[in-house]
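The values are calculated or read from the model by the stated rules, or taken from the named source; none is laboratory data. Predicted, not measured: the structure shown is a model, and the values here were computed from it. No Cβ is skipped: glycine too gets one built from the backbone with ideal geometry, and neighbour counts run over all protein chains shown.
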Amino acid sequence: MKFQVSAKDKKALCRQAPEFREVVRRIELDGFECNGDLFHALVQSIISQQLSIKAADTIYNRVEQLLGTITAENLKSAAVEDLRACGLSARKIEYLRGIADAVLSGRIDFAALARLPDEEIMKELVKLKGVGEWTAEMLLIFALGRPDVLSFKDLGIRRGIMLLNKLEKLTEEDFEVYRKRYSPYGTLASLYLWRIKDGGLSVK
């Protein structure tokens with residue numbers, strides 16, 4: 001499936017938050033693919049923690065070559081030394097095996113989880129070791145394509161809000177005001193805010 005960036009949603013966001021009008025006019029956004037596979041997206045996310053995209057992709061490919069198919073069963077049965085040889089740290093192996101254990105024991109069903117509301121998905125994901133709020137929120141966006149995610153834990157989003165609204169600081173209480181202001185288009189707002197933070201628009 002694909003997260004669609006529609007003209008209708010852009011207009012609706014601008015009606016609710018007029019500060020986005022110039023942003024929407026000047027920044028072209030594309031949608032993105034999201035396959036809905038929470039298990040594999042989470043494995044990729046754990047592997048990618050504190051790594052460049054290139055390094056993370058290299059390690060993921062090595063793990064995939066080692067296991068053949070990345071499944072909970074294969075992660076659980078793989079030798080630690082073989083996983084370490086792929087470039088995984090001991091901590092990441094612990095996290096990945098914890099996820100595998102949760103699947104194999106029936107404590108978590110990712111297919112069923114993906115059908116739940118955002119808040120319930122977040123609640124279950126953060127129970128897993130190595131998964132914090134930011135990781136869970138990014139999975140909501142990039143794995144499931146949920147439309148209303150605005151992460152306070154994401155420095156880029158906070159920086160984008162500050163630049164767009166000419167703020168010197170942004171408290172969590174202030175952030176909640178913007179979250180409500182941008183809802184139910186939080187994900188669309190997030191995509192624009194990341195572009196602003198990256199210099200995609202010089203906010204005057």
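Kindly establish whether Lys2 is of a type in the set (Lys, Arg), modelled with pLDDT under 95 and either farther than 15 Å from Ala100 by Cα or surrounded by fewer than 16 Cβ atoms within 10 Å (Cβ to Cβ) (or both). It is true that Lys2 is of a type in the set (Lys, Arg), modelled with pLDDT under 95 and either farther than 15 Å from Ala100 by Cα or surrounded by fewer than 16 Cβ atoms within 10 Å (Cβ to Cβ) (or both). Could we say that Ile70 is at pLDDT below 95 and over 26 Å from Thr171 (Cα atoms) here? The answer is no for Ile70.
Kindly indicate whether Ala100 is surrounded by fewer than 12 Cβ atoms within 10 Å (Cβ to Cβ) and either aliphatic (A, V, I, L, M) or in contact with a strand residue (DSSP E or B) (Cβ under 8 Å, 6 or more places away or on another chain) (or both). Spelling it out, it is not the case that Ala100 is surrounded by fewer than 12 Cβ atoms within 10 Å (Cβ to Cβ) and either aliphatic (A, V, I, L, M) or in contact with a strand residue (DSSP E or B) (Cβ under 8 Å, 6 or more places away or on another chain) (or both). A count restricted to region 1-40 and to residues that are within 15 Å of Gly186 (Cα to Cα) and aromatic (Phe, Trp, Tyr) stands at 2. The set of residues in region 77-96 being hydroxyl-bearing (Ser, Thr, Tyr) and either in a helix (DSSP H, G or I) or at pLDDT below 95 (or both) consists of Ser77, Tyr95.
Taking into account only those residues within region 175-202 that are surrounded by fewer than 15 Cβ atoms within 10 Å (Cβ to Cβ) and either in a helix (DSSP H, G or I) or more than 18 Å from the chain's Cα centre (by Cα) (or both), which is modelled with the lowest pLDDT? Looking at the filtered set, the residue picked out is Ser202. Of the residues contained in region 154-171, one or more are found to be assigned by TED's automatic domain parsing to the domain that holds Lys10 and of a type in the set (Asp, Glu). Looking across Ala41, Ala78, Ala55, one residue alone is exposed (fewer than 14 other Cβ atoms within 10 Å of the Cβ), out of contact with any strand residue (DSSP E or B) (no Cβ under 8 Å at 6 or more places or on another chain) and either among the aliphatic types (A, V, I, L, M) or in contact (Cβ under 8 Å) with a residue 24 or more places away in the chain (or both). It is Ala55.
The sole residue among Glu19, Glu73, Glu28 that is in a helix (DSSP H, G or I), out of contact with any helix residue (DSSP H, G or I) (no Cβ under 6 Å at 6 or more places or on another chain) and either under 28 Å from Arg179 (Cα atoms) or not aliphatic (A, V, I, L, M) (or both) is Glu73. Taking region 147-174 as the range and being surrounded by fewer than 17 Cβ atoms within 10 Å (Cβ to Cβ), part of a helix (DSSP H, G or I) and hydrophobic (A, V, I, L, M, F, W, C) as the test, the residues that pass are Leu155, Leu163. Reported count of residues in region 98-107, each being over 21 Å from the mean Cα position of the chain (by Cα) and not in a loop (DSSP other than H, G, I, E, B), is 2.
Among the residues of region 65-73, are any surrounded by fewer than 16 Cβ atoms within 10 Å (Cβ to Cβ), among the charged types (D, E, K, R) and either touching a Ser or Thr at 6+ places or on another chain (Cβ under 8 Å) or not assigned by TED's automatic domain parsing to the domain that holds Gly186 (or both)? Yes: one or more hits.
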